[in-house]
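J.: Please find one structure pasted underneath; my questions will follow.
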Amino acid sequence: MPSSESPPTPSLSDDELDPLVHSPARLKILTVLKEVERADFLFILRHTDLTRGNLSSHLSKLESVGYVTITKEFVEKIPHTLIQLTEEGKTALERYRQQMLQKLERIK
Amino acid sequence: MSNSTELDTLALKVQQAYYADGLADLFMGFILAGLAALFTLLAYNIIFLLWLFIIALNPLIYGNLIERAKQVWVYPRAGYVKPKSYEETNTRGALLVLAVIGFLLLLSAVVSFILSGYSGLFLWLIWLAPAGFGLMIAIGPLIIARKHHLARYYLFALLPPIIGAIVPWLHFSFPTPYAAFFTTVAIQTAIIGLLALCSGTFLFLRFLHRYPVEPIDPAEGENPHALL
């Protein structure tokens, strides 16, 4: 997985759903990361039921807009690829959640 | 879009993930069952001091042991996760509750002694102290139950005070009031320890069955944990 500089998060109107979050696979990934401090690739793989290639691709997209950080670290002398949700990612997820709740309210 | 119920279920599963392998239950069970067994063998007061020491240092001692066990058994199979830390308010709240219960317990002992001397104190030891202690040791499991939404930890939290309240009513005959108190603590410890061993064993075996060791992916060059 390439680590890259984070380009700025695309600006969206209030009503516009963030396409980076509005995807079943990425929504699952962000949901998993929101509940933990950080997790490795295998943990996310196990909880999202995605394929390795799929997960890798989605993580790259999320990293490219700064929603997650991906680092290789040693935990007790064993290397892990660790993924963590950034503040931007938390904000994006929370904004998406609020937008969906508002849309559901309008339908009601 | 993913169903919101599925996402809630996923979030819950992730919150419970750290305890899903059963290792925490196993370690807790071994320690508690071991302590309970020691109560029957050695001098009560020495074992009780050891019990207090181990319970107080629990998070530190077995936190490190569990982490090492996870390195071997869990991370190669289900991946590494670092749960969110306990919020400071929760920890302070828990310590405050512990302090209040401890204070009330001591106060009741002093009042019993003032009112009826040693016989009052002995009654306190038999009837109040075990339930009070049960409340104090319930705090740890209760915090875990609330944070990780684990039903069995609510049980681990509820049982000690209940057992502490019930045992005196069974009218076992003890040589001294101290023996009554320590025996009740031993029963509390034994029951929770055995339950934790059972749940831990079941969960751990289920975990091993569900999550085979992930093979090393040559493209990623990962999973150096695959030791087993």
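Every number in this text was worked out from the coordinates using simple rules, so none of it is lab data. Since the model is a prediction, treat every value here as computed from it, not as a measurement. Cβ: placed from backbone, ideal geometry, glycine included. Neighbour counts: every protein chain shown.
J.: So, with +1 on the Cβ of K and R and -1 on the Cβ of D and E, and no other charges, what is the size of the charge dipole of chain B about its Cα centre, to the nearest 20 debye?
T.: Numbers: 12 positive and 11 negative charges, 72 e Å.
It works out to roughly 340 debye.
J.: When the helices in chain A are scored as -39500 (n - 2.57) per DSSP H run of 4 or longer and the sum is shared across all residues, what 222 nm value do you end up with, to the nearest 500 deg cm²/dmol? Please list the in-between numbers first.
T.: Details: 4 runs with 53 residues, N = 108.
Taken over chain A, the calculation gives -15500 deg cm²/dmol.
J.: Continuing with this model, one more query. Equivalent ellipsoid semi-axes for the protein assembly as shown, as square roots of 5 times the alpha carbon gyration tensor eigenvalues: give them largest first, rounded to whole Å. Display every interim value, and only then the final one.
T.: On the way: eigenvalues 455, 113, 49 Å².
Square roots of five times the eigenvalues give 48, 24, 16 Å.
J.: Quick one: the Cα spread of chain B along its three principal axes, in angstroms, biggest first?
T.: Per principal axis, max minus min of the Cα coordinates gives 76, 40, 27 Å.
J.: I'd like the orientation of helix A:24-34 relative to chain A: the angle between its Cα long axis and the longest Cα principal axis, in ° from 0 to 90, rounded to 10.
T.: So the inclination is approximately 70 degrees.
J.: Only Cα pairs under 8 Å and at least 6 apart count here; give the relative contact order of chain B as a rounded whole percent.
T.: Details: 232 pairs, mean separation 81.4, N = 228.
Taking the mean separation of contacting Cα pairs over the length of chain B, I get 36 percent.
J.: How big is the equivalent ellipsoid of chain A along its three axes, where each semi-axis is √(5λ) from the Cα gyration tensor, reported in whole Å from largest to smallest?
T.: On the way: eigenvalues 140, 44, 28 Å².
Ellipsoid half-lengths, sorted descending, are 26, 15, 12 Å.
J.: Rounded to the nearest 500, what is chain B's calculated 222 nm mean residue ellipticity when only DSSP H runs of at least 4 contribute -39500 (n - 2.57) each, over all residues? It would help to have the intermediate numbers written out before the result.
T.: Values: 8 runs with 176 residues, N = 228.
Counting only the DSSP helices, I get -27000 deg cm²/dmol.
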